[in-house]
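The values are calculated or read from the model by the stated rules, or taken from the named source; none is laboratory data. These numbers were taken from a predicted model, which means no experiment stands behind them. Every residue, glycine among them, receives a Cβ derived from its backbone with ideal geometry; neighbour counts consider all protein chains shown. Keep in mind that these areas ignore ligands, DNA and RNA; they rest on the heavy atoms of the full protein, side chains included. Shrake-Rupley method; radii C 1.70, N 1.55, O 1.52, S 1.80 Å.
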Amino acid sequence: MFTDTSSSTTVYLLTERDSILAPVCKQLAVFGFEVIPFDHATALLAAMHGKAPFAVIVDGETPGLDLDFHVPLIKRLAKGPLFLSSVGEPVSRQIALLRFGVTDFVARPLPLQKLVARLDELLDQRRPEPFRVLVVDDSESMLRWLDKVLRGAGMEVFKTRSPLDVLLLMERHRPEIIILDVYMPECSGDEMAHIIRQQPRYDGIPIIFFSTEVSRNKQLVARSMGGDDFLVKDTPPDELVSAVSITCERYRRLRQWMTRDSLTLLLNHSTLVEQLEQAVQVCQRNREHLTFAMIDIDHFKSVNDQYGHLTGDHVIQSLARMLRHTAPTQALIGRYGGEEFGIALPGIAPVLASRYIDAVRQQFKAFPQSGNETVFSSTFSAGVSTLATGMTTQQLMENADLALYQAKRHGRNQVVLFNEAEHHAPPVTPGRRIDDPPGR
């Protein structure tokens with residue numbers, strides 16, 4: 001459950017020791033990146049022969065650096081992104097450097113939050129989740145062909161011959177695109193698209209009509225009912241894959257802007273609650289475990305007062321990053337508000353979920369934060385609740401909040417598992433396992 005990402009987050013930094021970029025080593029370390037500095041291009045190249053980093057940041061003002069000569073050499077050894085920090089490069093020069101291998105231009109001084117967000121985005125691209133595609137067609141042979149083509153391109157495919165099952169499958173599998181036949185016995189594709197568009201949570205999901213229809217007017221009429229594209233059934237496989245991939249990628253980007261918190265890249269409050277409600281319904285129906293935790297950074301106002309709001313943002317981002325990179329794949333993680341986070345763990349028993357949250361608590365406490373030339377540690381408290389038969393989403397969240405209150409009341413820096421009989425369980429104090437007897 002707990003993922004080690006240290007081997008994939010090494011960043012090489014080329015800059016002179018007294019440069020304004022030198023503090024980047026400590027700053028990026030706060031967010032879990034291992035930054036190794038070099039003050040000569042030859043030393044950087046020698047290190048890259050031994051171990052290729054995830055990313056390289058080059059200070060364009062480094063003495064002895066010849067961008068036209070060194071950038072192609074660096075790029076030849078680096079499989080990952082190459083950032084160049086420079087001042088006032090004209091567009092023609094930027095184009096030339098792009099051709100040499102620079103992937104990103106960054107300002108001086110480095111915009112740390114944007115840089116971390118970009119690095120995390122590139123990390124996610126290295127391990128992308130497959131596109132989830134729902135295919136609806138009354139022809140079994142066409143379903144098999146679509147399944148073969150799309151799975152062959154690395155996509156996750158769900159299929160049905162009955163359009164009446166679409167809403168159920170959408171709730172169960174959360175597809176990112178629907179490929180919908182136009183002519184089906186039970187209902188037409190445009191009718192089904194109209195039904196889908198009546199559901200607020202599915203209003204933006206892309207729909208591609210897939211049919212033998214070649215009349216442009218009829219294709220446009222179908223699209224007016226809610227479709228995003230129209231492909232005929234003799235479309236070559238590579239064109240089909242390209243159309244689906246481009247549409248899914250655009251949908252993911254738009255959805256991220258709409259559903260993610262800009263500071264942490266976690267789900268925003270409303271999206272977390274919405275997805276938690278869906279998870280509650282599914283887990284109640286399937287009688288599966290669902291655990292929800294509320295996390296609150298301890299004494300956060302003091303961090304802002306003592307070190308400034310920028311440092312406070314860094315503390316929030318460091319915890320968000322730990323949660324993003326260590327949580328199970330099915331977890332729902334959101335910024336609940338301010339310094340408070342919520343995380344839902346479907347399919348995971350409460351004791352195991354509490355152990356995971358406590359492991360993150362210990363990692364976060366040991367993580368070196370920095371502000372005003374000072375290194376300090378930060379902690380959090382957490383309340384954990386588990387879904388019971390007949391329980392609503394609101395009750396699940398309130399129970400986690402009650403447990404969080406108990407964690408704060410018992411001294412902070414601990415995890416409390418909600419106990420309905422007592423309204424709270426003994427806190428999971430540092431050094432005590434979740435399942436140890438309370439008196440130990």
- Under the Karplus relation with 6.51, -1.76 and 1.60 and θ = phi - 60°, whole-Hz ³J(HN,Hα) for the stretch 228-234, x at Gly and Pro, equal 9, 7, 9, 10, 8, 6, 9
- Projected label distance in nm at E89 and D234, using a 7 Å step from Cα toward the beta-carbon: 4.8
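Provide the gained length on full extension for the span N372 to A349, in nm with one decimal, where the gain is 0.36 nm per separating residue minus the Cα-Cα distance.
Details: separation 23, 0.36 × 23 = 8.28 nm, distance 4.16 nm.
Taking N372 through A349 to full extension adds about 4.1 nm, to one decimal.
Tell me, what is the FRET efficiency for T10 and S242 to the nearest 0.05, using R0 = 60 angstrom and their Cβ-Cβ distance as r? All intermediate terms of the calculation are to be shown ahead of the outcome.
Values: r = 34 Å, r/R0 = 0.56.
For T10 and S242, the calculated efficiency is 0.95.
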- About its Cα centre, how strong a charge dipole does the stretch 70-123 have in debye, to the nearest 20, once Lys and Arg get +1 and Asp and Glu get -1 at the Cβ? 200
- Item | Accessible area, probe 1.4 Å, largest first, for residues H40, H269, H309, H173 | H309, H40, H269, H173
- Item | Heavy-atom accessible area per residue - the chain, 1.4 Å, Å² | 49
- Using Cα positions and a limit of under 12 Å, work out the aspartates and glutamates in reach of K365, with same-chain residues fewer than 8 apart set aside. D298
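Of the accessible area of the chain, with the probe set at 1.4 angstrom, what percent is carbon plus sulfur? Walk me through the intermediate numbers first.
Working: 11100 of 21360 Å².
Ligands and nucleic acids excluded, carbon and sulfur reach 52 percent.
Which sequence of L319, L332 reflects their accessible areas, 1.4 Å probe, from the largest down? Before the final figure, lay out each step's value.
Numbers: L319 0, L332 20 Å².
Descending order: L332, L319.
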- Item | Label-point separation in nm, Q125 to S270, each point 7 Å along Cα→Cβ | 3.0
- Computed label-point distance, nm, for sites R174 and L254 using a 7 Å Cα→Cβ extension: 1.9
- Message: Cross-link candidates for K159: which lysines have Cα within less than 27 Å, leaving aside residues fewer than 8 places away along the same chain?
- Response: K148, K218, K233
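Explain nothing, just the number: dipole magnitude of the chain about its Cα centre with +1 on each Lys and Arg Cβ and -1 on each Asp and Glu Cβ, in debye rounded to the nearest 20. Numbers along the way, then the final one.
Values: 47 positive and 53 negative charges, 119 e Å.
Charge dipole of the chain: 580 debye, to the nearest 20.
Taking a quarter of the surface of the convex hull around the Cα atoms of the stretch 288-366, what do you get in nm²? Don't skip to the answer; put the middle values down first.
Numbers: hull surface 20.1 nm².
That works out to 5.0 nm², a quarter of the Cα hull's surface.
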- Note on the structure: Quick calc, T389 & H49: beta-carbon distance into FRET formula, R0 41 Å, rounding 0.05, result 0.10
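Taking R0 as 56 Å, what's the FRET efficiency between S162 and L98 from their Cβ-Cβ distance, rounded to 0.05? Provide the component values of the computation, followed by the final result.
Values: r = 50 Å, r/R0 = 0.89.
The calculated FRET efficiency here is 0.65.
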- Would you list the membrane-span-like helices of the chain, meaning whole DSSP H runs whose alpha-carbon atoms span at least 27 Å along their axis and whose mean Kyte-Doolittle value is at least 1.6? none
- Along the Cα-to-Cβ line of E186, 7 Å from the Cα, sits a label point; which residues in the stretch 133-170 have backbone N less than 15 Å from it? 135-140, 159-170
- For the stretch 293-298, what does the Karplus curve 6.51 cos²θ - 1.76 cosθ + 1.60, with θ = phi - 60°, yield as ³J(HN,Hα) per residue in whole Hz, taken in order and with x for Gly and Pro? 10, 9, 10, 9, 5, 6
